[in-house]
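Inspection log for the structure reproduced underneath, given as structure tokens.
The values are calculated or read from the model by the stated rules, or taken from the named source; none is laboratory data. None of these values were measured; they are calculated from a predicted model. Methodologically, a virtual Cβ is constructed for each residue, glycine included, from the backbone with ideal geometry; neighbour enumeration extends over all protein chains shown.
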Amino acid sequence: KLITDDCIFSFSVSILSLFFYSVSVNKHKPWIESSYHGIITENTDAVLLDPPLVALDKDAPVPYAVIMFYVTFNRELGEICGFHVQGLSAPFEAVVLNRTSGEGRLRARGPIDCERQREFTFIIQAHDCGTGPEGHAERRSHKAVVHVQVGDVNEFSPVFGQLEYHGSVTEGKVYDSILQVQASDQDCSPQYSQICNYQITSQDTAFAIDRNGHIRNTESLSFDKKSHYKIRVTAFDCGQKRAAQDAAVHIHVKPICKPGWQGWSKLIDYEPGMGSKLLFPKMHLETCNRYVSQCRIISSVIHPYQRDCLEKLQMKL
């Protein structure tokens, strides 16, 4: 028989239909990497993954193989429809950027705080679009482990443990350390939470401070010249963020202890008509924590000051 044009067309459509049904079965599950490492800066939502989040599916159409026919009748076969994050404590979600290429993006569902949690570990899976317009018989990839570290932002300033410090020195001595000031920082990373430097902000002082907060005098001090010094100190974290409030440091200078009678003077001012007056009301015997070996009494009347000397001598004996 003669084959007409209508028969040829009908035969061609039948062959193409058979080809369509033979390739429209969702044979393969998507493929993703077995593990991912990510970094997210706190207070942002974008996660930088290594390697990038991409799902591949062997059911995807081969280029130049009946492309127009495939796209028309079964456009979802081999496409990636979504990523599923597993883990109740993982505040992340994954979205598909391109169904055909399988490219995805991981992002945070809300603000991430490094000070509360510095890293997260969870599971992720990809699933394809299945077959047909309703996506029947979708298939899922294997489970991949995702480890995300939170990058710190230098949010907090150093804070001193106390706003005032007190120390003392004996006049004439130079100390390696008079006292130590300490500041802390609430940021989560070593770069921003550690204190890298202390600095004296007062001008023209006889003191210096090292990176650990130890304060020393750079010259010997005199009690008669100045008995009290007040200096101000600030701190910097390793991100060079300065303390929000300086600390005040008080240095008290103590005189050198000299054994003997103290509180008396060779010259006393007295005017006629003043009446009786105590000569040495603050006079006392300074022993500098030493034992008194002897007392010489130069009067038959024992004054309270001499009695004090005798009592200390008796204690020694």
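Odds and ends about this structure:
- Candidate set: segment 153-199, residues that are farther than 13 Å from D237 by Cβ, of a type in the set (A, V, I, L, M, F, W, C) and part of a strand (DSSP E or B); chosen: the one nearest to the chain's Cα centre (by Cα): L179
- Remark: pairs (first residue in segment 243-271, on the phi > 0 side of the Ramachandran plot; second residue assigned to a loop (DSSP other than H, G, I, E, B) and surrounded by fewer than 12 Cβ atoms within 10 Å (Cβ to Cβ); Cβ separation under 6 Å; 6+ apart in sequence or on different chains) = G263/K282.
- Test: residue in segment 214-226 that is out of contact with any helix residue (DSSP H, G or I) (no Cβ under 9 Å at 6 or more places or on another chain), in a strand (DSSP E or B) and basic (K, R): yes
- Cβ-Cβ contacts under 7 Å between residues 6 or more apart (or on different chains), taken from a first residue in segment 177-203 that is without any contact (Cβ under 8 Å) to a residue 60 or more places away in the chain to a second residue that is hydroxyl-bearing (S, T, Y) and surrounded by fewer than 19 Cβ atoms within 10 Å (Cβ to Cβ), are absent.
- Qualifying residue in segment 294-307 (condition: surrounded by 12 or more Cβ atoms within 10 Å (Cβ to Cβ), of a type outside the set (A, V, I, L, M) and either touching a His at 6+ places or on another chain (Cβ under 9 Å) or modelled with pLDDT of 60 or more (or both)): yes
- Residue in segment 210-219 that is of a type in the set (S, T, Y) and under 30 Å from G161 (Cβ atoms) present: yes
- Restricting segment 260-291 to residues that are assigned to a loop (DSSP other than H, G, I, E, B) and within 58 Å of the chain's Cα centre (by Cα), the residue that is modelled with the lowest pLDDT: Y291
- Total residues in segment 39-94, condition over 17 Å from F120 (Cα atoms), at pLDDT 85 or above and among the charged types (D, E, K, R): 3
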